[in-house]
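Let me begin by presenting the structure, written as structure tokens, before commenting on it.
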Amino acid sequence: MKAKKKMFYLTCSAYLLTIILDLLFTYIATPNLLLEGNPLYDSLNFGWTGLIAINVITFIGYVLMSYYAFIKYKPPVSNETDMKRYLAHINYGDPDKYVPMMWKLPKNWGPQTACLCWSVVCVLPFCRMIIVFEWFLMILKIQNEATIIFFTIVSCFPMGRIDIFLAVIGAWILSFVWIKKEFKANLKEIEKRKFQ
């Protein structure tokens, strides 16, 4: 449990740091917010107060997801040693009801929610750092072949939001990591119970 609490504090601190750096660099680069690309700010256009409010709300949501993923979620106990049967058991309550690609809604939402929260919480600080990096390059007016290639790639995404694309792809990939991690932890629990 100590390791999970450490991860909770680490992820929340990392995300808070990226928010602070993003807002600071935004202020340095564009105090009038003319270059701000946040889709919510861009559509609502309510200045610095709104931009800060959006970041506070997203941070609260982030903390809640991190809390659920690292502290509140308690994995269900399963005696299954096959991954497919394990997934069927924790999601549907029956190891014989394996559903490929999880197309059917689960009976037990806890594992799905924890998987989503863990994946999003792990990927968001890295994706937010991309925005910080973009502001950093703009503030220092670094122009070389590498930055030209970087900004050309960024411009291929709607409103230049490569961070959102990478967050979605990253969270999807990390969901498989979470499943494997939870399955291995379950196998360790099975081994522990054998010797009790």
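The values are calculated or read from the model by the stated rules, or taken from the named source; none is laboratory data. Values in this document were obtained by computation on a predicted structure and should not be read as measured data. Positions of Cβ are generated from backbone atoms using ideal geometry, with glycine treated the same way; all protein chains shown enter the neighbour counts. Ligands, DNA and RNA are stripped out before the accessible areas are found, and what is left, the full protein with its side chains, is counted by its heavy atoms. Shrake-Rupley method; radii C 1.70, N 1.55, O 1.52, S 1.80 Å.
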| remark: Only one of (1) within 30 Å of Thr30 (Cβ to Cβ); (2) open to solvent by 80 Å² or more (accessible area, probe 1.4 Å); (3) modelled with pLDDT of 95 or more does not apply to Val123, and that is (2)
| Does Thr58 qualify as being of a type in the set (Val, Ile, Thr), open to solvent by 40 Å² or more (accessible area, probe 1.4 Å) and within 18 Å of Trp172 (Cβ to Cβ)? | no
| request: Give region 57-81 a look and list any residue that's part of a helix (DSSP H, G or I), aliphatic (A, V, I, L, M) and in contact (Cβ under 8 Å) with a residue 12 or more places away in the chain, or say none. | output: Val63, Met65, Ala69, Ile71
| When region 82-106 is examined, which residues are found to be in a loop (DSSP other than H, G, I, E, B) and surrounded by 12 or more Cβ atoms within 10 Å (Cβ to Cβ)? | Asp82, Gly93, Pro95, Lys97, Tyr98, Val99, Pro106
| Which of the residues belonging to region 10-24 are under 16 Å from Ser119 (Cα atoms) and either open to solvent by 100 Å² or more (accessible area, probe 1.4 Å) or hydrophobic (A, V, I, L, M, F, W, C) (or both)? | Leu10, Cys12, Ala14
| query | Only one of (1) aromatic (Phe, Trp, Tyr); (2) modelled with pLDDT of 90 or more; (3) surrounded by 16 or more Cβ atoms within 10 Å (Cβ to Cβ) is not met by Tyr27, so which one is it? | reply | (3)
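Which of the residues belonging to region 140-162 are part of a helix (DSSP H, G or I) and surrounded by 14 or more Cβ atoms within 10 Å (Cβ to Cβ)?
If the condition is that a residue be part of a helix (DSSP H, G or I) and surrounded by 14 or more Cβ atoms within 10 Å (Cβ to Cβ), then Thr147, Phe150, Phe151, Val154, Gly160, Ile162 are the ones that fit.
Run down Phe136, Phe176, Phe165, Phe195 and say which single residue is at pLDDT 90 or above, over 28 Å from Met102 (Cβ atoms), aromatic (Phe, Trp, Tyr) and open to solvent by 80 Å² or more (accessible area, probe 1.4 Å).
Phe136
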| Out of (1) touching a Phe, Trp or Tyr at 6+ places or on another chain (Cβ under 9 Å); (2) among the small types (Gly, Ala, Ser); (3) within 30 Å of Asp82 (Cα to Cα), what's the single condition that is false for Gly160? | (3)
